[in-house]
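Scroll down for the structure; my scribbles are underneath it.
Just so it is clear, none of the values below were taken in a lab; they were calculated from the coordinates. For clarity, every value in this text was computed on a predicted model and none was experimentally measured. Backbone-built Cβ (ideal geometry, glycine too); neighbour counts: all protein chains shown.
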Amino acid sequence: LPWISISGKLRIKYFANPDVTANITSITNKDVVLTAEFDIDSVTKKYKIGDGAWLNYTKAITISSNAVVSFKSTDSDGEEYITTYEVTNIDKIAPDKPIVSADKTVITNKPVLVMAEFSSDSVVKEYSFDQKTWFTYADGVTMLENGSVYFRSQDAAGNISNIAEYKVDNIFIRTDII
C-alpha cells in the first residue's frame with residue numbers, strides 16, 4: 001500500500017473578505033450606516049468611498065448620498081481582500097411642486113374643478129383646504145365657493161414636495177334675486 005509521509009508544518013489558510021451590512025436597505029431619505037466585519041486575522045482594515053483614498057476603518061461609516069464603498073483587509077502575507085457595497089437607496093430630493101389649474105377661470109356661477117399634475121415619483125398625492133388636514137387626491141377638487149385649495153405629494157422615500165396653492169375667486173352666485 002502506498003502511503004504519504006509529511007514532515008514539517010502544514011499550513012491551511014482561510015481568509016474571508018470583509019462582510020458588509022447596511023442599517024437600511026429599502027428606499028430612504030435618511031443616511032445609511034455601513035458596518036463591516038473583518039476576518040479576525042486582518043492586519044489592516046480600510047475603506048474608501050468611490051475613487052477616494054483608502055482610510056482606516058475604526059467604526060461604522062455613515063453615507064449621506066448614494067455611493068460605491070469598498071472595504072479592504074490585508075492578511076499577514078500582504079494579500080488583500082476587498083468587498084464592494086453599492087448604496088443606491090438614498091433619495092433626499094423631494095418631488096416637484098404640483099402644477100395646478102382649474103376648468104373655469106372666468107366669472108361663473110357654477111362649481112370650479114381644480115386639478116393638479118404631480119411628478120412621476122409621487123406615490124402619495126394630497127390636497128387640503130387649511131394645510132393641516134390632508135386628503136387623498138384622485139381626480140380633482142370641486143370648489144363650490146371661493147377659497148384656496150392646496151396640493152402636495154410625497155415620494156417613496158418620504159420626501160414631501162413644496163405646497164402648491166390654487167385660489168378660486170371667480171365664483172359669483174347672485175343671492176339678491178327673488
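Close contacts from the range 45-63, counting a first residue that is among the charged types (D, E, K, R) and a second that is in a loop (DSSP other than H, G, I, E, B), with Cβ to Cβ under 6 Å and a gap of 6+ residues or different chains, come to K45/F38; K45/Y57; K46/W54; K46/Y57; K48/W54. Taken residue by residue, the range 149-160 has at least one member that is more than 22 Å from the chain's Cα centre (by Cα), part of a strand (DSSP E or B) and either of a type in the set (F, W, Y) or farther than 30 Å from N89 by Cα (or both). Selection of the range 90-109 for residues being outside any strand (DSSP E or B), surrounded by 12 or more Cβ atoms within 10 Å (Cβ to Cβ) and either small (G, A, S) or out of contact with any strand residue (DSSP E or B) (no Cβ under 6 Å at 6 or more places or on another chain) (or both) yields D91, K92, A94, D96. The set of residues from the range 35-60 being farther than 14 Å from P18 by Cα and either polar (S, T, N, Q) or touching a strand residue (DSSP E or B) at 6+ places or on another chain (Cβ under 8 Å) (or both) comprises I49, G50, W54, L55. Examine the range 117-126 for a residue that is in contact with an Asp or Glu (Cβ under 9 Å, 6 or more places away or on another chain), closer than 23 Å to N29 by Cα and crowded, with 18+ Cβ neighbours inside 10 Å, and state whether such a residue exists. Within the range 117-126, one or more residues are in contact with an Asp or Glu (Cβ under 9 Å, 6 or more places away or on another chain), closer than 23 Å to N29 by Cα and crowded, with 18+ Cβ neighbours inside 10 Å.
Listed by first and then second residue, the pairs with beta-carbon distance under 7 Å, at least 6 apart or on different chains, first residue in the range 120-135 and in a loop (DSSP other than H, G, I, E, B), second among the aliphatic types (A, V, I, L, M), are V123/A156; F129/V149; Q131/I163.
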